[in-house]
Amino acid sequence: MITYVSVGLLALLSLSIPVGIVLFLLGFGIDVFFSPFPLIKGLGQMVWSSSNSATLIAIPFFVLLGEILVRSGVAARTYEALDRWVSWLPGGLVHANVATSTMFSAISGSSVATAATVATVAMPQAERLGYDPKLFSGAIAAGGTLGIMIPPSINLIVYGFLTQSSIPQLFLAGLLPGILLALGFIVITVIICLIRPDLGGERRIFPLSQMLGALVHLLPIIFLFTMIIGTIYKGWATPTEAAAVGVAVAFVIAAFASGISFRMISDSLLGTIKVTSMIMLVVIGASFLNFTLSSAGLGRELKEFLEGLGLSPLAFILVVVMIYVVLGFFIETLSLMVVTIPIIVPLVVAQGYDPIWFGILMIVLIEMALITPPVGLNLYVVQGARKSGKMSDVMIGSIPFVCVMLLMAAALIAFPQLALYLPAALN
Amino acid sequence: MTDRFLTRLRALNRVVAVLIGIMLLACAGFVLLDIILRQLGSSFGGTDEVSGYVMAIATSWGMGYAMLELGHVRIDILRSRAGPKGRSLFDLASLMILAGTVSVIALRCWPVVERSITNMSRANTALETPLWLVQLPWFAGWVWFALMAWLTFVTALLMVLQGRFDASEAAIGVFAEEEAFQ
């Protein structure tokens, strides 16, 4: 059954059938070939119960929030402000890319949305100030991936939904690794630019008055983050309800920043529906596949397979990491997550690992998948915003950041407390 | 003629998408009010339940719009290597499989609604919502998605038969990457 699912998955995906539909087809196949009783009778109920979910409504809310902020110009002003603060470092404006990505990650649940936002505002500056296009665009592609690590995160919501783990705990667990990754990106940029100063463009030092004056432009994002995360941890709202708070605050911010028009609202809504439907088709398909897999006895089969391998827990987790790195080259990331969670997570938990910790490790690997070719959405998003130059520039520029992510994955395996300390301390 | 038909389908689904977007906004407002009320010591009760229903209905009705805007993710590894004719075959086959699968889903969703109607089932919650009341629009959304998929398929098939591979690619090809969100 494991072989059937893996081979079938790759074959159907490569035929360019939509990912969500592939998951349904595999579920139908399991029903026909592996199940003693007809599972398809449960299809309608599965589709109903997996979309009738108050948890998942956080997805359209977080997407909408991002759409509103991009369309109101808050993103561009945040970038300018951060430029004043970090451009004295070797690497100059590259650090503003990372810093802006980090801030937007704290209000956006999506990596691609974060990368798209930062790329739109940053790219015009790169040529004007003479930056190396590789390092500059690589930093945006990589920085954008923080969107799914630093809370809120759509991917962590989906992970929590599918593995029945606590979403507030997952959010807390992602915070420290997310900040460490951002610092890692900054350190690697400094190192590269100390060795090759020509890559980093001009270092610029702004007078203190300008630095302080710029702070006001960071307030909207800080305010929004505080409102979202604050209401969750004050116990006033669930992550879903906090997303609704975020939408309301984003509207207020947009009203002050640029005014709200009917056009802007309807464009934001259309973008939101498109993204949400795409995610939900995959999530509903995965729920149905999960249902058929567990009904057909995948758990037992996996346990036998695992005992047959005779791996130690550490060797096992390294194999899992390898699998994600390789699959991450080829498969779109949310799909990769949703498809593998039902198969891999039960195995990892059976080895004695914490599902919250594994969620974070998986996010690091998924972040890597976002910037590794040939299928790495963030690379395309950044290239799309560049409008000129070679695709390979972005890919090469991302390599140093992939190394940082590998180090982060190793650090998480060596020191699980990086992820687990905050959830435990604040519980 | 095919182009005009497709433009109309898109326009129609854009209206649907804006309407469900407004429904989501209303739901966000409702949740927000409830949070504020709870701080004041009272509550509507049942915001969770209502959010769930809104999500189910928004999801099923948004699918057709996402399909017409090429929003559903497809892996482009083999397809991108084919010529225009080959690509259009990939697209047609993939859309036919989608339409077939979605039809099966829609058919299998009906028994859920039927059961709620015959048993007059109510949600096991404080609101005691009659389930058919929310399941009927949810089911209709899946039927709508199936209908849109078949109509788009026939339109694109006609385009390909006329040898207009560019038009078919624009109608049912793979999403433009810079617009991809996740």
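The values are calculated or read from the model by the stated rules, or taken from the named source; none is laboratory data. Predicted model only: the values in this text are computed from it and were never measured. Glycine gets a Cβ as well: all are built from the backbone with ideal geometry, and neighbour counts include every protein chain shown. Each accessible area value is taken on the protein alone, full model and side chains, heavy atoms only, with ligands, DNA and RNA left out. Shrake-Rupley method; radii C 1.70, N 1.55, O 1.52, S 1.80 Å.
The trypsin sites (Lys or Arg not before Pro) of segment A:381-423 that DSSP puts in a loop, and whose beta carbon has at most 10 other beta carbons within 10 Å, are A:387. Each part gets one Cα centre, and for segment A:120-143 versus segment B:1-56 those centres are 37 Å apart. Restricting segment B:3-65 to chymotrypsin sites (Phe, Trp or Tyr not before Pro) that sit in a DSSP loop and have at most 14 other Cβ atoms within 10 Å of their own Cβ leaves B:44. Taking one quarter of the surface of the convex hull spanned by the alpha-carbon atoms of segment B:25-81 gives a direction-averaged projected area of 5.6 nm².
Annotation for segment A:190-210 versus segment A:1-19: alpha-carbon center distance of 47 Å. How big is D for chain A, in µm² s⁻¹ as a whole number, if Stokes-Einstein is applied with the Kirkwood radius of its Cα pairs at 10 °C and 1.306 mPa s? Value of D from the Cα-based Kirkwood radius: 72 µm²/s.
Chains B and A together bury roughly 5600 Å² of accessible area, counting both sides, with a 1.4 Å probe on protein heavy atoms only. Principal axis extents of the C-alpha atoms in segment A:1-55 (largest first, rounded to whole Å): 33, 28, 15.
Peptides A:70-78, A:163-171, A:419-427, A:132-140 ranked from most to least packed give A:132-140, A:70-78, A:163-171, A:419-427, packing being the mean of other C-beta atoms within 10 angstrom over each peptide's residues.
The mean number of partner chain beta-carbon atoms within 10 angstrom of a residue's beta-carbon across peptide B:97-105 is 5. On the basis of the beta-carbon distance and an R0 of 45 Å, residue B:26 and residue A:424 show a calculated FRET efficiency of 0.70.
What is the Cα convex hull volume of segment B:34-182 when expressed per residue in Å³?
Looking at segment B:34-182, the number lands at 128 Å³ per residue.
Multiplying the residue separation of residue A:164 and residue A:388 by 0.36 nm and removing their Cα-Cα distance gives an extension gain of 76.2 nm. If only the Cβ of Lys and Arg carry +1 and only the Cβ of Asp and Glu carry -1, the dipole of chain B around its Cα centre is close to 460 debye. Selection among A:292, A:236, A:314 by position relative to the dipole of segment A:205-333 gives A:236 as farthest towards the positive end (Cβ unit charges, Cα centre).
Between segment A:325-362 and segment A:212-278, what is the C-alpha centre distance in whole Å? Rounded to whole Å, the Cα centres lie 30 Å apart.
Accessible surface of chain B, 1.4 Å probe: 67 percent of it comes from carbon and sulfur atoms. In segment B:74-90, burial by the other protein chains removes 30 Å² or more of 1.4 Å probe accessible surface, compared with the chain on its own, from B:74, B:75, B:77, B:78, B:90.
The Kirkwood hydrodynamic radius of segment A:254-353, based on inverse pair distances between different Cα atoms, is 16.7 Å. Pairs of Lys residues in chain A, spaced 8 or more positions apart or belonging to different chains, with C-alpha separations under 30 angstrom: 6 in total.
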